[in-house]
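The values are calculated or read from the model by the stated rules, or taken from the named source; none is laboratory data. Here the structure is a predicted model, which is why all the values come from computation and not from measurement. When we count neighbours, we look across all protein chains shown, and the Cβ atoms used for this are built from the backbone with ideal geometry, even at glycine. What goes into the accessible areas is simple: the full protein's heavy atoms, side chains included, and nothing from ligands, DNA or RNA. Shrake-Rupley method; radii C 1.70, N 1.55, O 1.52, S 1.80 Å.
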Amino acid sequence: MSQSTSAMGNEKIKSSRRKFLKSAATLAGATIGYSWLKSSQVLLFAAEPKDESLPWYGIVIDIEKCIGCGSCAKACKKENDVPIEPFFFRTWIEQYTVKNDGSVNIVSPNGGIDGFEQTVPDEDIFKSFFVPKMCNHCSKSPCIQVCPVGATYDSPEGVVLIDEKYCIGCRYCVQACPYGCRFIHPVKKVANKCTLCYHRLKKNLTPACMEVCPTGARMYGNLRDKNSELVKFLKEHTTQVLRPNLNTGAKLYYNALSSEVR
Amino acid sequence: MEPHYQHLYEILANAQGYIFPNEIDLQWGILIVVYPFITGLVAGAFILASLERVFKVKILKPTYQIALLTALSFLLVATMPLISHLSQPQRAYEIMITPHSSSAMAIFGFVYLWYLMVVLLLEIWFDYRHSMVVWSNEKKGVMKWVYKILTLGVSDISPRTVKWDRKLGYIITVVGIPSAFILHGYVGFIFGSIKANPWWSTPLMPIIFLFSAMVSGISLVMLVYMVISHIRKKVIDVNVLDAIGKYLFFVLILDFTLEGLDQIQRIYEAEESFEIIKLLVSGKLYLTLFVAQGLVGTIIPLITLAFLQFYKHKIKLRKTMYFIVSILVLIGVYSMRWNVVIGGQLFSKSFSGFTSFKVGLIGLDGTLMAAFWLVLPIGILAFLLWLLPPWKMVEEEE
Amino acid sequence: MKLYIPPQLTRLALAFAIFISLFLVLRHFLVPDTFGQYGHYRGASLIDNAQPEIHYAGQQACFECHQDIQDLKAQDVHSEIHCETCHGPGQKHVLSGESSDILKPTGREFCGLCHAMNAAKQKNAVFQVDLKKHNIGKNCIECHNPHQPWEMKK
């Protein structure tokens, strides 16, 4: 007797459980189905559609023209609210001095913002030059590759940007950048780096560093447009990217880059 | 001035040579040293347990459950150092909901989940289900229900079902071995795949991590076995120690060889980063690499273990030696993690200078936090041993 | 013979099904709306990145009110140097027209940033003077007009 009731009870539990399962499954199924329908929400997000009508930005830095005045580094900090401490730079300038004995001396006091004091006497110098550094806006960028959540990405214009509301601050991208261009913003506590002044580009203004460069050592332009100043420059000069061996697809081209530079 | 800046100004003043201005601050501190160390312990302990199960090494039976529970208690904590070092820890869930398929760190989340849910928990569950059913029948009050919930309500202990427990557990173990390899190989990959950093970027990195993981996991189980037996006032079976010691000896040789090969390759190829790495190794890493990792963590244990292969006399002495060896090996593997994680960030990516690193005591990224994550698993292990005591399990005839 | 399915398996399958569905449902609500619009990132982030206020107004903005200086500058060697290179960010000043919102650089070091001797400066990129020799004790702008350097003041 007791057995039959318990069997009945089991039956009841089973059927109610089945019902619950059914509705749970429909609910889950519907949500999943819905998220598939919302094409943007598939498990693996679609590859980026390349919009040919948008520019594809590249940058040229002409080392022969740079006079190491530091205007760019200073303007960059002011334009992008980067703390004025000597540790955080979206762009900075290095002075390379190759001495007659073959050794290389590199300095970048406060990123070059206060200008440069010549540290090696003239008679010891084999050659010396300034190298402004900034994000290379790589097309195969290692920082995007390693970001676990998609908080850094290549914009349709080829500008590598950061999503400050989505970055989890794991710092993996900082490790992955071979150029040392990334840092953790000490106030916002997320990754930070050069955006090619994306907010200025969108308002048809030049990036702050290029606005203030007195000698026109920095240029940016549309690599898709074969008649742009930038493409012309690239055609007429022998340019080089930093660390070509790493195949980062850097879009920052240096004119007159010396082999000592890393 | 903010204390953080103060700290950075000090480092800036102590930088040697030229470093990129953004490189002054070390991005990954002691927590990220602890993270691969803990994951390594998990993988190693699990592989030792699997040895017993898959290859039927009877002598290791007393350590089987201990190894599994050790693996579980460390695995539960494994992601915590990672999460607590994030500067936006409240956003950590994003790794699971929008994982970036090309990121080693994102996929780690899934490797971790797979290993936790499908391998470790399941294996332990199958292993303990029979006992838990029996315990839930014996106990009263809350504990009865705790065990009942833990069995997920599967209270069938007919011989046929129990046989299936064993069968399924075996399958899980077989799946588990490659999973453990993947888990820790993957941690190595997180570092090995960073092409910007020549100290990390080597295809051998996952394999080196794996073997050092096995080394550390095996010594941890040996240590835990000794401590538990001591606390329970049971005799430590020196034959068990000998068996574990033998495995430890062989894996340690492999580990040593692999790391040696890696360094030889580096020295012979002498790529553009060679000069700076030479300076790194002979300077800032000298103590932790040659003394802690090499001498204390590898050479001395190797010699002792080799000696113990032949020396079979005084049991007390042998036990003491195993005890010391396991601690030395753990120190060595911890130093290895330190050398990889911290060492890789001390030199500039401009290859022409060094920054320096000072561990703070307090704060989210400090020593205390790291120590906490290292001690917590021991607490969890004690709890698990109380909840699921291996020595009270229902005996099953094979 | 009837196929035997061990009860553990069905129970575990159920547990995993619940776990996975829960995960998928949660995920559905947690993933930001615009995620994946253009690629593996939040599409709205493009807008976020275009949002910040500018601080540098650009040279054209200055010309609207400082026609005189534009003309001065255009005639001489500093013509290629934009106003904000020397005067710093000017957007606030452009909006207010207040002189307190803009910098007026002074001092020999300021001109020296560009004109001090340094072996790294190409000879034809900028004219260099030795700050320790060139008319020491006097401010550069006492003789040179910053906007028109060769128009010497008396």
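Chain A against chain B buries an accessible area of about 4100 Å², both chains summed, 1.4 Å probe radius. When only alpha carbons are used to place a centre, region B:285-315 and region B:1-77 end up 21 Å from one another. Less than 14 Å Cβ to Cβ from residue C:122, Lys/Arg counted +1 and Asp/Glu -1: what total charge do the surrounding residues give? Result for the neighbourhood of residue C:122: +2. Burial annotation for region B:331-375: residues with an accessible-area loss of at least 20 Å² between the isolated chain and the complete set of protein chains, computed on heavy atoms with a 1.4 Å probe, are B:349, B:350, B:351.
Residues of region A:102-150 that bury at least 30 Å² of accessible area once all protein chains are present, compared with their chain alone (1.4 Å probe, heavy atoms only, ligands and nucleic acids left out), are A:106, A:118, A:128, A:130, A:145, A:148, A:149, A:150.
On a 0 to 90° scale, report how tilted helix C:7-30 is relative to the longest principal axis of chain C, with both axes built from alpha carbons and the result rounded to the nearest 10. The two axes meet at around 30 degrees. Of the peptides B:138-145, A:251-258, the order by per-residue mean of other Cβ atoms within 10 Å, starting with the highest, comes out as A:251-258, B:138-145. Computed from protein heavy atoms with a 1.4 Å probe, the total accessible area buried between B and C is close to 1700 Å². Once the cut-off is 45 Å, how many percent of the Cα-Cα pairs in the protein assembly as shown end up in the long-distance tail? Cα-Cα pairs in the protein assembly as shown separated by more than 45 Å: 39 percent. Of the residues B:81, B:16, B:42, the one whose Cα sits farthest towards the positive end of the charge dipole of region B:1-114 is B:42 (charges of +1 on Lys and Arg Cβ, -1 on Asp and Glu Cβ, taken about the Cα centre).
Membrane-span-like helices in chain B, defined purely by DSSP H runs whose alpha carbon atoms cover 18 Å or more axially and whose average Kyte-Doolittle hydropathy reaches -0.5, are B:30-54, B:61-78, B:122-138, B:159-192, B:205-231, B:238-269, B:315-341, B:367-387. Computed in the context of the full set of protein chains, the accessible area of region A:61-210 at 1.4 Å probe radius has 51% of its extent on carbon or sulfur. To the nearest 0.05, how large is the calculated FRET efficiency for residue A:204 and residue C:135 if R₀ is 45 Å and r is the Cβ-Cβ distance? So, using R0 = 45 Å, E works out to roughly 0.60.
The residues of region B:29-389 expose on average 40 square angstrom of accessible surface per residue, using a 1.4 Å probe on protein heavy atoms. Checking the table B:234/B:316; A:74/B:358; B:233/B:316; B:284/B:358; A:189/B:358; A:74/A:127 against a 18 Å threshold on Cα-Cα, which pairs fail? In this structure, A:74/B:358; A:189/B:358; A:74/A:127 exceed 18 Å between Cα atoms.
In square angstrom, what is the accessible area per residue of region C:59-152 with a 1.4 angstrom probe?
On a per-residue basis, region C:59-152 sits at 65 Å².
Each part reduced to its alpha carbon centroid, region C:55-133 and region A:100-173 end up 26 Å apart. Among B:276-286, C:12-22, the peptide with the highest mean count of other Cβ atoms within 10 Å heads the list, and the full ranking is B:276-286, C:12-22. Short-range pairs are left out: with C-alpha atoms under 8 Å and at least six residues apart, the relative contact order of region C:59-152 is 31 percent.
For the segment A:83-90, counting C-beta atoms of other chains within 10 Å of every residue's C-beta and taking the mean gives 5.
From the square roots a ≥ b ≥ c of the eigenvalues of the alpha-carbon gyration tensor of region B:269-396, which class results: rounded (a/c under 1.5), prolate (a/b over b/c), or oblate?
It comes out oblate by the Cα gyration axes.
Averaged over peptide A:240-249, the number of partner chain Cβ atoms lying within 10 Å of each residue's Cβ comes to 1. Taking every C-alpha pair closer than 8 Å and separated by at least 6 residues, the mean separation divided by the residue count of region A:170-238 gives a relative contact order of 13 percent. Dividing the mean sequence gap of close Cα pairs (under 8 Å, 6+ apart) by how many residues chain B holds gives a relative contact order of 30 percent. Can you send over the carbon and sulfur percentage of the accessible area for region C:59-152, probe radius 1.4 Å, protein chains only? In region C:59-152, the share of accessible area belonging to carbon and sulfur is 58 percent.
Can you pull out the buried accessible area for chains A and C, both sides counted, probe 1.4 Å, rounded to the nearest 100 Å²? Buried area between the two chains comes out at roughly 4500 Å².
Principal axis extents of the C-alpha atoms in region B:29-389 (largest first, rounded to whole Å): 69, 58, 37. Here the label points at residue C:28 and residue C:101, each 7 Å from Cα along the C-beta direction, are separated by 5.1 nm in the simple model.
Counting only other chains, what is the mean number of Cβ atoms within 10 angstrom of the Cβ of each residue in peptide C:109-116?
Other-chain Cβ atoms within 10 Å of each residue's Cβ, averaged: 4.
Under the combined filter of DSSP loop state and at most 15 neighbouring Cβ atoms within 10 Å, region C:1-75 retains these trypsin sites (Lys or Arg not before Pro): C:2. Within the accessible area of region B:29-389, the carbon and sulfur atoms contribute 74%, probe 1.4 Å, all protein chains present. Counted over the protein assembly as shown, the DSSP beta bridges are approximately 85% antiparallel.
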